[in-house]
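Undergrad: One structure, as structure tokens, below. Some questions next.
The values are calculated or read from the model by the stated rules, or taken from the named source; none is laboratory data. Keep in mind it's a predicted model, so treat the numbers as computed, not measured. As a convention, Cβ positions derive from the backbone with ideal geometry for all residues, glycine included, and neighbour counts pool all protein chains shown.
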Ligand SMILES: O=P(O)(O)OC[C@H]1O[C@H](OP(=O)(O)OP(=O)(O)O)[C@H](O)[C@@H]1O
Ligand SMILES: [Mg+2]
């Protein structure tokens, strides 16, 4: 796997704060949501935080699998679709949640199913941004976001090691 130029590690605390900030933004729209759709698997985490904040109890998933590398994304496969009732009215009143949009390919597939749904992600990269209605933080396209559920505590070399410090 090739490594990204820049790394953006996110702790559980920071993710909770950022997901809550996304909930505040969506709450500010003062809309009633028919249901929330989480894009698995990454979207399940912000979905849990946001549905709690917004009082949404009807939670559905759309399950999409992809082979992912930093600069390469394989074919996307829809493993499970949403309940057809949510597709009524082109997804109007549905809040779709994911952890991030990168190339926008995942969001584009779900957008095709529900063109009128509201798409919210915690993080966004420039290519995916046009596909998303609300997000919290934008990072550059050459940044890899490291989510807390993909990380563990490891020893860090001192910054000055090997530099005469
Ligand atoms: O905008 P894109 O380039 O499509 O990338 C964004 C998607 O990639 C990640 O999911 P991934 O497919 O890695 O699967 P996961 O959520 O199961 O980890 C992330 O959770 C988004 O869903
Ligand atoms: Mg995902």
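Undergrad: Kindly indicate whether residue 61 is touching a strand residue (DSSP E or B) at 6+ places or on another chain (Cβ under 9 Å) and surrounded by fewer than 21 Cβ atoms within 10 Å (Cβ to Cβ).
TA: Judged against the criteria, residue 61 is a match.
Undergrad: Condition check: over 18 Å from residue 134 (Cα atoms) and away from ligand 2 (no atom under 16 Å from the Cβ). Does residue 85 satisfy that?
TA: yes
Undergrad: Quick one: is residue 51 more than 11 Å from ligand 2 (Cβ to nearest atom), within 15 Å of the chain's Cα centre (by Cα) and either over 14 Å from residue 22 (Cβ atoms) or part of a helix (DSSP H, G or I) (or both)?
TA: When the stated conditions are applied, residue 51 passes them.
Undergrad: Residue 79 passes all but one of (1) surrounded by 22 or more Cβ atoms within 10 Å (Cβ to Cβ); (2) within 13 Å of ligand 2 (Cβ to nearest atom); (3) over 19 Å from residue 143 (Cα atoms); which number fails?
TA: (1)
Undergrad: To continue, here is another question. Just to be sure I understand, how many residues within the range 94-111 are crowded, with 24+ Cβ neighbours inside 10 Å and more than 11 Å from ligand 2 (Cβ to nearest atom)?
TA: Going through the range 94-111 one residue at a time, the tally reaches 3.
Undergrad: Pairs, please: C-beta under 9 Å, at least 6 apart or cross-chain, first residue at negative phi and near ligand 1 (Cβ under 10 Å from one of its atoms) and in the range 33-46, second part of a loop (DSSP other than H, G, I, E, B) and modelled with pLDDT of 95 or more?
TA: Once the first residue is at negative phi and near ligand 1 (Cβ under 10 Å from one of its atoms) and sits in the range 33-46, its partners that are part of a loop (DSSP other than H, G, I, E, B) and modelled with pLDDT of 95 or more give 42/147; 45/147.
Residues checked against (1) within 27 Å of residue 16 (Cβ to Cβ); (2) modelled with pLDDT under 95; (3) not in a strand (DSSP E or B):
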{"site": "56", "(1), (2), (3)": "yes, no, yes"}
{"site": "63", "(1), (2), (3)": "yes, no, no"}
{"site": "75", "(1), (2), (3)": "no, yes, no"}
{"site": "95", "(1), (2), (3)": "yes, no, no"}
{"site": "107", "(1), (2), (3)": "yes, no, yes"}
{"site": "120", "(1), (2), (3)": "yes, no, no"}
{"site": "135", "(1), (2), (3)": "yes, no, no"}
{"site": "152", "(1), (2), (3)": "yes, no, yes"}
{"site": "159", "(1), (2), (3)": "no, yes, yes"}
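Undergrad: Let me ask something else. Can you tell which of 106, 101, 121 is within 16 Å of ligand 1 (Cβ to nearest atom) and without any contact (Cβ under 8 Å) to a residue 40 or more places away in the chain?
TA: 101
Undergrad: If you don't mind, another one. Regarding residue 103, is this residue in contact with a strand residue (DSSP E or B) (Cβ under 7 Å, 6 or more places away or on another chain) and either assigned to a loop (DSSP other than H, G, I, E, B) or at pLDDT below 95 (or both)?
TA: Against the criterion (in contact with a strand residue (DSSP E or B) (Cβ under 7 Å, 6 or more places away or on another chain) and either assigned to a loop (DSSP other than H, G, I, E, B) or at pLDDT below 95 (or both)), residue 103 qualifies.
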